[in-house]
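Here it is: the structure, laid out below.
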Number of protein chains: 2
Amino acid sequence: MNKQAAQQFNIGIVGLGTVGGGTLEVLTRNKQLIEQRVGQPVVVTNVATRTLRPEQVAGVPVSGTDPFAVANDPNVDLLVETIGGFDPAFEVVRQALANGKHVVTANKALIAERGNELFALAEQHGVCLAYESSVAGGIPIIKTLRDGLAANRIDWLAGIINGTGNYILTEMSAYGRLFADVLKEAQELGYAEADPTFDVEGIDAAHKLTILASIAFGIPLQFDKTYTEGISYVTPEDISYANDLGYVIKHLGIARRTPKGVEMRVHPTLLAKSQLLANVNGVDNAILVHGDAVGSTLYSGPGAGAMATASSVVADIIDLARQQAAGVGKPVYPSLGYTQMETELRVLDIEDVESEYYLRIPVQDKVGVMARIATVLETHNINIEAVIQKESESDEVPIVILTQRAIERELNKALEEISEHAAVCGEIIRMRVEPFHGGGN
Amino acid sequence: MNKQAAQQFNIGIVGLGTVGGGTLEVLTRNKQLIEQRVGQPVVVTNVATRTLRPEQVAGVPVSGTDPFAVANDPNVDLLVETIGGFDPAFEVVRQALANGKHVVTANKALIAERGNELFALAEQHGVCLAYESSVAGGIPIIKTLRDGLAANRIDWLAGIINGTGNYILTEMSAYGRLFADVLKEAQELGYAEADPTFDVEGIDAAHKLTILASIAFGIPLQFDKTYTEGISYVTPEDISYANDLGYVIKHLGIARRTPKGVEMRVHPTLLAKSQLLANVNGVDNAILVHGDAVGSTLYSGPGAGAMATASSVVADIIDLARQQAAGVGKPVYPSLGYTQMETELRVLDIEDVESEYYLRIPVQDKVGVMARIATVLETHNINIEAVIQKESESDEVPIVILTQRAIERELNKALEEISEHAAVCGEIIRMRVEPFHGGGN
């Protein structure tokens with residue numbers, strides 16, 4: 001950036017929807033406070049929007065509907081991208097960075113899928129592309145990984161990073177309701193989109209996990225290598241069995257550094273009820289992080305909402321305004337927290353992951369079935385930790401098994417053999433169980 | 001500081017006890033990682049210690065036992081103060097700052113009681129006095145308030161900020177044990193000091209709360225105005241009654257900005273069991289923060305221990321090393337997060353605080369006592385939320401009351417009148433109840 005400390009820090013905003021509108025509101029409402037923190041006024045000087053609401057007109061310096069007019073405005077020090085999506089957001093961000101402006105964005109898809117090239121461009125131009133608000137809304141988890149835990153080799157992290165999914169699972173757990181019923185209600189309440197695929201099939205969480213893994217381990221963004229399962233296959237029956245075994249089911253994003261490579265996976269996960277993370281309910285998000293020095297720390301709060309997300313957008317603005325006020329020659333923080341990236345760490349295929357497992361195997365209640373299942377598991381070096389086989393009035397009864405730690409490839413082979421057994425009369429349900437042991441495993 | 005970006009960042013450490021030793025270990029073990037994050041080597045170049053352990057000798061550049069030799073070493077960019085206490089820590093820190101060195105300290109007493117003059121000195125010399133590790137060990141709560149939540153007007157925060165106290169209350173709650181028994185065991189296990197006063201009487205928590213309140217609200221440090229109660233008066237009986245009412249008892253530090261002034265208080269507090277903060281157990285710490293934009297966020301993790309505390313010391317080192325590497329002209333962050341402090345905000349006397357209350361009033365079981373108590377409370381505008389009066393085989397039976405929100409001065413007057421009633425046959429126990437409503441109250 002190489003700017004002399006100026007008298008004020010000028011903000012351009014493109015897109016005044018939910019997050020952009022919230023950002024404008026926080027910057028306006030807390031103007032004096034922000035100036036006290038930065039030591040200079042932070043002023044919105046140029047806004048492009050197609051959605052100006054009447055109550056926003058007063059005092060807002062709208063230049064028109066063209067975001068590129070903001071990206072090319074020489075008076076703007078920092079552009080806030082709150083358009084969303086890729087087109088025109090990608091080009092607008094690219095243009096602003098190329099013009100030597102900092103960019104702050106809440107656009108998780110853009111960062112997760114196009115971040116590598118945008119970060120390279122930012123570095124080339126000596127500016128920063130900041131994205132605190134792209135993960136977990138108002139929880140400052142990006143800065144925590146970049147700064148607060150910077151002394152640590154991060155061993156793993158696990159997060160509830162989609163509020164819609166957590167709301168649905170919380171309701172299903174509390175009232176024994178069906179996934180489809182709760183989803184429908186969530187849509188009516190505005191907690192879920194009309195097309196809920198992004199949320200309930202884990203794509204949104206996978207975007208966020210990709211970003212978290214990069215800043216935790218210093219690896220390039222690799223969204224296409226993140227394994228993703230949604231929550232639509234979770235049933236009240238499985239929630240109830242998990243409960244009997246002392247667990248709750250949460251939709252987690254897990255990133256772990258292992259001697260074999262990096263795990264990046266999003267899926268329903270059984271957690272012991274005593275875990276603080278298991279008690280994060282409703283639309284809240286939370287991330288549990290394990291570092292080699294600090295051990296485990298947890299961060300929770302609102303993962304969405306206009307004002308919570310704007311809190312993180314404006315935190316990034318303040319961060320960069322403070323740097324300009326201090327007269328830095330280049331950004332203090334590399335965009336992903338590392339000046340040199342770890343390019344050798346490969347992402348593991350899901351079949352190479354080791355985990356404990358919850359299995360529900362529907363069988364016809366015949367003598368010897370359990371023994372046969374146990375034998376097959378044993379053949380594949382999979383030890384059983386616990387079993388539930390309840391009395392049933394029907395012919396069909398599920399066998400529920402918790403396994404000890406096993407390699408997923410071996411489990412898959414075992415389940416294939418088991419599913420071919422004549423007594424197995426339906427689809428086998430399998431979920432991963434996370435005990436959160438310490439580091440380095 | 002006004003230094004040109006140098007080729008490496010030189011650290012001096014004074015005191016190699018628990019935290020100093022942990023700091024050295026993290027800097028050594030994660031040397032390469034830290035260089036990747038900073039972009040330059042961070043090197044320990046001078047250590048003064050009186051407690052060098054044989055296993056620490058190899059490769060440690062010990063100059064001797066005199067901490068001032070480190071404070072006056074022109075090659076040292078940053079001094080880590082891990083001596084503890086005031087003498088000679090205060091003078092060492094003062095000298096280092098006066099010499100234009102950054103200082104990182106874990107010394108909460110020093111910051112809480114002498115921080116105002118030291119921060120002024122740091123500012124005068126263009127350097128930073130950093131203290132992440134002084135509050136809540138490995139949880140990066142200082143940076144969170146300074147940076148991650150910087151967009152927010154902080155309305156209030158409440159924290160479990162003493163691990164010893166939380167361990168004792170957790171054990172008392174889980175097993176119905178007496179305070180004195182658990183304390184004795186904690187001392188044997190090394191969780192509590194031989195003289196436990198600092199921990200169990202709330203002084204340690206008051207130091208930390210003083211610091212949190214300053215960075216949250218931008219007010220000068222005012223340790224002497226922090227109201228402090230310890231946990232030694234908490235009984236299994238009160239824990240049990242609280243449980244019956246749906247609450248757990250935690251030792252909290254609470255800071256709140258109200259229209260009348262700032263509350264700063266440390267005391268046993270009833271929290272609804274459903275609160276995530278109520279589920280933070282054992283030696284862990286946690287801080288719940290409410291900001292006007294973000295709402296409530298929670299941060300939890302280990303509040304003590306050599307490596308967890310060192311995690312925060314080294315995070316501060318990395319923060320300042322990154323700033324030097326970026327060639328800043330002055331520190332990016334003011335020590336307390338504000339370039340202008342709020343000097344007009346006064347700290348409220350505890351009698352001016354409004355709260356809900358838990359009361360346990362030992363009475364002789366006579367007709368009309370409850371009615372009399374209710375009348376006295378009503379006279380002082382105190383409404384009753386809930387009452388427990390159990391059958392008893394003895395003459396003496398406690399009346400347990402939860403009140404609605406009331407001013408403490410009025411409650412004190414009411415309790416004085418009640419205690420004079422002939423049927424009241426012992427000391428009235430009173431604890432505050434915290435419902436954690438939103439902002440601005």
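Under 7 Å between Cβ atoms, which residue pairs at least 6 apart in sequence (or on different chains) link something in the stretch B:136-160 that is free of Cβ contacts under 8 Å to residues at least 12 places away in the same chain and facing another protein chain (nearest Cβ under 9 Å) with a partner that is part of a loop (DSSP other than H, G, I, E, B) and surrounded by 24 or more Cβ atoms within 10 Å (Cβ to Cβ)?
B:GLY148/A:PRO140
Something else: Can you pull out the residues in the stretch A:266-279 that are crowded, with 24+ Cβ neighbours inside 10 Å and more than 13 Å from A:VAL234 (Cβ to Cβ)?
A:VAL266, A:LEU271 - these are the residues of the stretch A:266-279 that are crowded, with 24+ Cβ neighbours inside 10 Å and more than 13 Å from A:VAL234 (Cβ to Cβ).
Still on this structure, please answer the following. State the number of residues belonging to the stretch A:172-199 that are surrounded by fewer than 21 Cβ atoms within 10 Å (Cβ to Cβ) and either on the phi > 0 side of the Ramachandran plot or charged (D, E, K, R) (or both).
9
Tell me which of these B:ASN285 doesn't satisfy, since it passes every other one: (1) over 30 Å from A:LEU27 (Cβ atoms); (2) surrounded by fewer than 23 Cβ atoms within 10 Å (Cβ to Cβ).
Status for B:ASN285: all satisfied but (2).
With (1) surrounded by fewer than 18 Cβ atoms within 10 Å (Cβ to Cβ); (2) touching a Pro at 6+ places or on another chain (Cβ under 8 Å); (3) among the basic types (Lys, Arg) as the list, and B:ARG346 as the residue in question, which single condition is left unmet?
It is condition (2) that B:ARG346 fails.
Specify which of the listed residues (A:VAL280, A:VAL248, A:VAL266, A:VAL262) is modelled with pLDDT of 95 or more, under 22 Å from A:ALA386 (Cα atoms) and under 20 Å from the mean Cα position of the chain (by Cα).
Of A:VAL280, A:VAL248, A:VAL266, A:VAL262, the one residue that is modelled with pLDDT of 95 or more, under 22 Å from A:ALA386 (Cα atoms) and under 20 Å from the mean Cα position of the chain (by Cα) is A:VAL248.
Given A:VAL328, A:VAL387, A:VAL332, which one is without any contact (Cβ under 8 Å) to a residue 24 or more places away in the chain and within 14 Å of chain B (Cβ to nearest Cβ)?
Checking each option against the conditions leaves just A:VAL332.
Let's see how each residue does on (1) closer than 28 Å to B:GLY337 by Cβ; (2) among the polar types (S, T, N, Q); (3) within 14 Å of chain B (Cβ to nearest Cβ):
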position: A:VAL14; (1), (2), (3): no, no, no
position: A:LEU24; (1), (2), (3): yes, no, yes
position: A:THR28; (1), (2), (3): yes, yes, yes
position: A:VAL43; (1), (2), (3): yes, no, no
position: A:VAL60; (1), (2), (3): no, no, no
position: A:PHE68; (1), (2), (3): no, no, no
position: A:VAL76; (1), (2), (3): yes, no, no
position: A:GLU81; (1), (2), (3): yes, no, no
position: A:PHE86; (1), (2), (3): no, no, no
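Yes or no: B:GLY165 part of a helix (DSSP H, G or I), assigned by TED's automatic domain parsing to the domain that holds B:ILE249, touching a strand residue (DSSP E or B) at 6+ places or on another chain (Cβ under 8 Å) and at pLDDT 95 or above?
Values: part of a helix (DSSP H, G or I): yes; assigned by TED's automatic domain parsing to the domain that holds B:ILE249: yes; touching a strand residue (DSSP E or B) at 6+ places or on another chain (Cβ under 8 Å): yes; at pLDDT 95 or above: yes.
Considered against the rule, which asks whether it is part of a helix (DSSP H, G or I), assigned by TED's automatic domain parsing to the domain that holds B:ILE249, touching a strand residue (DSSP E or B) at 6+ places or on another chain (Cβ under 8 Å) and at pLDDT 95 or above, B:GLY165 comes out as yes.
Among all residue pairs at least 6 apart or on different chains, which show Cβ distances below 6 Å where the first residue, located in the stretch A:427-441, is farther than 20 Å from A:ARG409 by Cβ and the second is modelled with pLDDT of 95 or more?
A:GLY439/A:ASP155; A:GLY439/A:HIS290; A:GLY439/A:ASP292; A:GLY440/A:ASP155
Name the single residue, out of those in the stretch A:123-134 being more than 20 Å from the chain's Cα centre (by Cα) and surrounded by 24 or more Cβ atoms within 10 Å (Cβ to Cβ), that is farthest from B:ALA150 (Cα to Cα).
Applying the first criterion (more than 20 Å from the chain's Cα centre (by Cα)) to the stretch A:123-134 yields A:123-128.
Still in the list and also surrounded by 24 or more Cβ atoms within 10 Å (Cβ to Cβ): A:127-128.
Working: A:VAL127: 21, A:CYS128: 18 Å.
Taking the candidates together, the pick is A:VAL127.
Let me ask something additional. Give the number of residues within the stretch A:119-136 that are under 14 Å from A:VAL104 (Cα atoms) and of a type in the set (S, T, N, Q).
2
Restricting the search to the stretch B:75-105, which residues are assigned to a loop (DSSP other than H, G, I, E, B) and touching a residue at least 12 places away in the same chain (Cβ under 8 Å)?
Scanning the stretch B:75-105 gives B:ASN75, B:VAL76, B:ASP77, B:THR82, B:ILE83, B:GLY84, B:GLY85, B:PHE86, B:PRO88, B:ASN99, B:GLY100, B:LYS101.
Listed here are the residues, each with its yes/no results for (1) at pLDDT 95 or above; (2) part of a loop (DSSP other than H, G, I, E, B); (3) outside the structural domain of B:ARG153 (by TED's automatic domain parsing); (4) touching a helix residue (DSSP H, G or I) at 6+ places or on another chain (Cβ under 6 Å).
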residue	(1), (2), (3), (4)
B:THR343	no, yes, yes, no
B:TYR358	yes, no, yes, no
B:VAL363	no, no, yes, yes
B:VAL376	yes, no, yes, yes
B:GLU410	yes, no, yes, no
B:LEU415	yes, no, yes, no
B:GLY438	no, yes, yes, no
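Can you tell me which residues in the stretch A:387-408 are farther than 30 Å from A:GLY261 by Cβ and either part of a strand (DSSP E or B) or among the hydroxyl-bearing types (Ser, Thr, Tyr) (or both)?
Residues satisfying the conditions are A:VAL387, A:ILE388, A:GLN389, A:SER392, A:SER394, A:GLU396, A:VAL397, A:PRO398, A:ILE399, A:VAL400.
Then there is this: Given the conditions (1) part of a loop (DSSP other than H, G, I, E, B); (2) farther than 22 Å from A:ILE13 by Cβ; (3) not charged (D, E, K, R), which single one is not true for A:LEU157?
Among (1) part of a loop (DSSP other than H, G, I, E, B); (2) farther than 22 Å from A:ILE13 by Cβ; (3) not charged (D, E, K, R), A:LEU157 violates only (1).
Which of the following residues is within 33 Å of the chain's Cα centre (by Cα) and acidic (Asp, Glu): B:GLU391, B:GLU410, B:GLU378?
Result of the check over B:GLU391, B:GLU410, B:GLU378: B:GLU410.
Among the residues of the stretch A:288-321, which ones are surrounded by fewer than 24 Cβ atoms within 10 Å (Cβ to Cβ), more than 7 Å from chain B (Cβ to nearest Cβ) and touching a helix residue (DSSP H, G or I) at 6+ places or on another chain (Cβ under 6 Å)?
Of everything in the stretch A:288-321, those that are surrounded by fewer than 24 Cβ atoms within 10 Å (Cβ to Cβ), more than 7 Å from chain B (Cβ to nearest Cβ) and touching a helix residue (DSSP H, G or I) at 6+ places or on another chain (Cβ under 6 Å) turn out to be A:ALA304, A:ALA306.
A further question follows. If I filter the stretch B:167-176 down to residues being in contact (Cβ under 8 Å) with a residue 40 or more places away in the chain and more than 13 Å from chain A (Cβ to nearest Cβ), which single residue comes out as farthest from the chain's Cα centre (by Cα)?
B:GLY176
Cβ contacts < 7 Å: first residue more than 24 Å from A:ASP292 (Cα to Cα), restricted to the stretch A:243-269; second residue among the small types (Gly, Ala, Ser) and surrounded by fewer than 24 Cβ atoms within 10 Å (Cβ to Cβ), any location; separation 6+ or different chain. Result?
Partner pairs satisfying both residue conditions: A:LEU245/A:ALA386; A:GLY246/A:ALA272; A:TYR247/A:ALA272; A:VAL248/A:SER173; A:VAL248/A:ALA278; A:LYS250/A:ALA278.
The values are calculated or read from the model by the stated rules, or taken from the named source; none is laboratory data. Just so it is clear, the model here is predicted, and its values are computed rather than measured. With ideal geometry, Cβ positions are generated from the backbone for all residues, glycine too; neighbour counts draw on all protein chains shown.
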